[in-house]
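Please read the structure below before turning to the comments.
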Amino acid sequence: MTTISFTAKTCIVCRAEHEYTEIDSTMVFDSPDLDSRPPEMMRSTIFAWVQCCPACGYCAEDVSKAPKQAKVIVKSTQYQAQLADPAMPELANHFLCQAMIHEHAGDYAAAAWAIVHAARVCDDEEKSESAKTCRIRAANTVLRAIAAGQEFTEQRGAETVIPADLLRRAGAFAEARTIIARRRPGITDSTILRLLAFQDSLIARGDVARHTLDEAMGEDE
Ligand SMILES: [Zn+2]
């Protein structure tokens, strides 16, 4: 089961104190998605993965910490507009604001993950167009992270599997195919090659649905 606690924290941007929910422990049953989204029960703890200060709107994994310039970004018109974007669920806006802070700090890998989380929130709220927008942006940010020499994931090969899945689920099949074709020659891991072959078959049939790693590995039949 999932256990939570409440922790009082002081926002580093505006010094307001507020109680935030934290996940102390959780469990996973079943297989993760192709984009690495964990299964239940961890899947449902996403609401606690970003904190948003109710006073100033600063969004972070931990509002008591901030990279340089966070104060300036939080006060910007662009940030405040993102925080209140009516096209996105509230929690997705929190992740997108978090991404904006990471982007300004030059941490594209962290920004990409925050945008991936925003896409997942849109899925949960059944906002498919918003989810699509987030996935395209997330895939581009992953590529930006890779180009900047940043590690998007510790899992070898996942830096190909994840953006390909993000693009496929956004319906950007040509772009997904290009990433796979470009990066496959450098991959020797048989699991990753199998995941990419599965991704190819989904792209070929125009499938934009969520699929799991077990399905790709043929363990779900
Ligand atoms: Zn604040």
Open item on the list: Restricting things to Cα coordinates, could you compute the convex hull volume per residue of segment 1-58 in Å³?
Closed with: 80 Å³
Open item on the list: What is the angle, in °, between the Cα long axis of helix 108-124 and the longest principal axis of the Cα atoms in the chain? Nearest 10 is fine, range 0 to 90.
Closed with: 80 degrees
- [ ] Sum up the charges of everything whose Cβ sits under 13 Å from the Cβ of L83, counting Lys and Arg as +1 and Asp and Glu as -1, but leave L83 out.
- [x] -1
Task: Crossing angle, helix 128-147 versus the chain [Cα axis fit, 0-90 degrees, rounded to tens] - done: 80 degrees
Open item on the list: Using Cβ contacts closer than 10 Å as the measure, can you line up M27, M100, M42 from fewest to most?
Closed with: M27, M42, M100
- [ ] Measure nothing but the geometry: give the 0 to 90° angle between the long axis through the Cα atoms of 173-183 and the longest principal axis through the Cα atoms of the chain, rounded to 10°.
- [x] 80 degrees
Open item on the list: Suppose every Lys and Arg Cβ carries +1 and every Asp and Glu Cβ carries -1, with no other charges. What dipole size does segment 3-158 come out with about its Cα centre, to the nearest 20 debye?
Closed with: 660 debye
Open item on the list: Taking the number of other C-beta atoms within 10 Å as the exposure measure, put K71, K9 in order starting with the fewest.
Closed with: K71, K9
TODO: Give me the distance between the Cα centres of segment 187-221 and segment 23-62, rounded to whole Å.
DONE: 25 Å
Open item on the list: On the Cα set of the chain, report Rg and Dmax in Å, please.
Closed with: 17.9, 53
Task: Positive-end residue, the chain charge dipole about Cα centroid, Cβ charges, pick of T10, A92, P185 - done: P185
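How many Lys pairs in the chain lie less than 22 angstrom apart by Cα atoms, where the lysines are 8 or more positions apart or on different chains? Before the final figure, lay out the partial values.
Details: K9/K65; K9/K68; K9/K71; K9/K75; K65/K75.
Pairs that pass both the separation and distance tests number 5.
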Task: Sorted largest first, extent of segment 12-102 alpha carbons per principal axis (Å) - done: 42, 28, 22
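Coordinate-derived values only; no laboratory data. Fair warning: this is a prediction, and the values are worked out from it, not measured in the lab. Cβ: placed from backbone, ideal geometry, glycine included. Neighbour counts: every protein chain shown.
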